[in-house]
1. For an R0 of 41 angstrom, estimate the FRET efficiency from the Cβ-Cβ distance between Asn132 and Ser69 and round to the nearest 0.05.
2. Kindly rank 106-113, 150-157 from highest to lowest mean number of other beta carbons found within 10 Å of each residue.
3. Could you pull out every one of the aspartates and glutamates with an alpha carbon less than 17 Å from that of Lys102, ignoring same-chain neighbours closer than 8 positions?
4. Which length gain, in nm to one decimal place, applies between Asn118 and Gln55 when the Cα-Cα distance is subtracted from 0.36 nm times their residue separation?
5. Name all residues of the range 105-134 having a backbone nitrogen under 20 Å from the label point set 7 Å from the Cα of Glu154 along its Cα→Cβ direction, giving them as ranges.
6. Summing +1 for each Lys or Arg and -1 for each Asp or Glu, what net charge is found among the other residues whose Cβ lies under 11 Å from the Cβ of Ser74?
7. Could you sort out which of Lys94/Lys128; Lys54/Lys157; Lys54/Lys113; Lys114/Lys157; Lys94/Lys114; Lys98/Lys128 sit more than 29 Å apart by Cα distance in this structure?
Amino acid sequence: MNKTLKISSWTKLYNYKNYFRVRELNKVVKKKNRRNLGLALFRMMSPLSETASKQVIESFMRFYKKNLSLTKNSSILDYGSGTGWIIFNLQKNKLCKKFFSKDVSKIFITNQKKIIKNCKFEVVKPNKWRINEKTNSIDWVISNAVFHCFKNREFTKKIIFEMIRVSKQG
């Protein structure tokens with residue numbers, strides 16, 4: 001029972017810490033001009049300047065284009081998607097069409113639903129290590145700046161093995 005209480009309060013703390021980011025995210029999502037939305041989503045999670053943020057996004061997209069062998073039929077799962085900046089920018093660059101977004105923050109997932117199309121969203125519980133996808137069903141699983149948030153090494157191993165389980169062989 002105590003473990004559940006700790007995890008529950010961790011979720012509340014996570015959401016509280018992100019409260020100001022969420023307020024900013026709500027403003028960004030409501031804007032009619034979405035030209036720089038991918039940049040705005042990234043900057044909410046990063047203290048970098050606008051120029052540096054653009055360079056990081058471009059670097060990520062170049063890396064994905066070069067190393068992931070993406071096609072229009074590829075699928076990507078972003079585990080710990082946060083504001084959704086990676087999926088948003090992958091869609092914007094038309095690297096693939098099928099996306100899965102999982103995060104512990106209901107607020108982030110709710111806002112992602114407003115700006116990201118053709119995506120299956122899920123709010124995951126912090127103590128849940130099982131990924132609700134079929135074995136060998138997803139081409140690529142990505143997770144950026146997430147592992148340090150997990151409660152311990154054993155839990156992290158379970159998540160990694162789940163990521164391997166849902167990923168297609170190859």
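1. Details: r = 26 Å, r/R0 = 0.62.
For R0 = 41 Å, the calculated efficiency reads 0.95.
2. Numbers: 106-113: 18.8, 150-157: 12.5.
Per-residue mean Cβ counts within 10 Å order the peptides as 106-113, 150-157.
3. Asp78, Glu122, Glu133, Asp139, Glu162
4. Details: separation 63, 0.36 × 63 = 22.68 nm, distance 2.63 nm.
Working it through step by step, the gained length comes to 20.0 nm.
5. Answer for the range 105-134: 125-131.
6. Details: positive: Lys72, Lys97, Lys98, Lys168; negative: Asp139.
Around Ser74, the charge tally is +3.
7. On the way: Lys94/Lys128 31 Å; Lys54/Lys157 33 Å; Lys54/Lys113 23 Å; Lys114/Lys157 32 Å; Lys94/Lys114 18 Å; Lys98/Lys128 24 Å.
Too far apart for the 29 Å limit: Lys94/Lys128; Lys54/Lys157; Lys114/Lys157.
Laboratory data are not the source of any read-out in this text; all were calculated from the coordinates shown. Just so it is clear, the structure is predicted and the values come from calculations on it, not from any experiment. Cβ sites come from the backbone with ideal geometry, for glycine too, and all protein chains shown count toward neighbours.
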